[in-house]
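Novice: Submitted below is the structure of interest, expressed as structure tokens.
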Amino acid sequence: MTRVKKIKLILDDEIEFPIIGISSALSDYRLAWELNTHLDLSFQKGEDCFNLPNKNKDLMAYEYYIHENEDDFSKFFLVKNKQKASTLFTQNDKLDFFLILRENYVYTLEDLILELRQVNGIIAVFSFTSNNFEFSEYLND
């Protein structure tokens, strides 16, 4: 009789997703409007908040705008980096906004960055992945 070899399957729950850092002097609602107009998106203010720990490990509520389209399976979040005297991503505290692409089947990252650089009021755009941020596991829906 031959022995059966056991194979262990280890699944990684964390899915890597792109995050785009945006430098802009616009307010959050104005930037959402510019993105809606220029990129034909539908950002709306989220009904609830992201609850993320700050430097002291206290949970802070961060407001956001959400674009969700069931036709093309896209789900984007626009979050202001500095809210309520706290910084969402302290390692990138010079950036004003983060565009979190949870589900993106519409744009290639390079094309989206080029489009964002054409939007009125956006000064600079930087590309990251969720692995670059220590609290990205809290952004998993």
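Novice: Long-range amide H contacts for A124: which residues qualify at under 5 Å (H placed 1.01 Å from N, peptide plane, sequence gap of 5 or more or a different chain)?
Specialist: For A124, whose amide H was placed from the backbone, the distant partners under 5 Å are S23.
Novice: Restricting the calculation to Cα positions, tell me the Rg (one decimal) and the Dmax (whole number) of region 18-136 in Å.
Specialist: 13.5, 41
Novice: In whole Hz, with x marking every Gly and Pro, tabulate ³J(HN,Hα) for region 94-104 from phi via Karplus 6.51 cos²θ - 1.76 cosθ + 1.60, θ = phi - 60°.
Specialist: With the stated coefficients, region 94-104 comes to 7, 7, 8, 9, 10, 9, 9, 9, 5, 9, 9 Hz.
Novice: Let me ask something else about it. What number, in percent, do you get for the relative contact order of region 18-136 if the mean sequence gap of Cα pairs under 8 Å and at least 6 apart is divided by its residue count?
Specialist: On the way: 214 pairs, mean separation 42.6, N = 119.
So the answer I get is 36 percent.
Novice: Quick one: what are the phi-derived ³J(HN,Hα) couplings along region 64-78, Karplus 6.51/-1.76/1.60 with θ = phi - 60°, whole Hz, x for glycine and proline?
Specialist: 8, 10, 10, 10, 9, 10, 6, 5, 10, 6, 10, 8, 10, 10, 10
Read the figures in this text as sums done on the coordinates, not as results from a lab. Note that the coordinates shown come from a computational prediction; the quantities given were computed from them, not determined experimentally.
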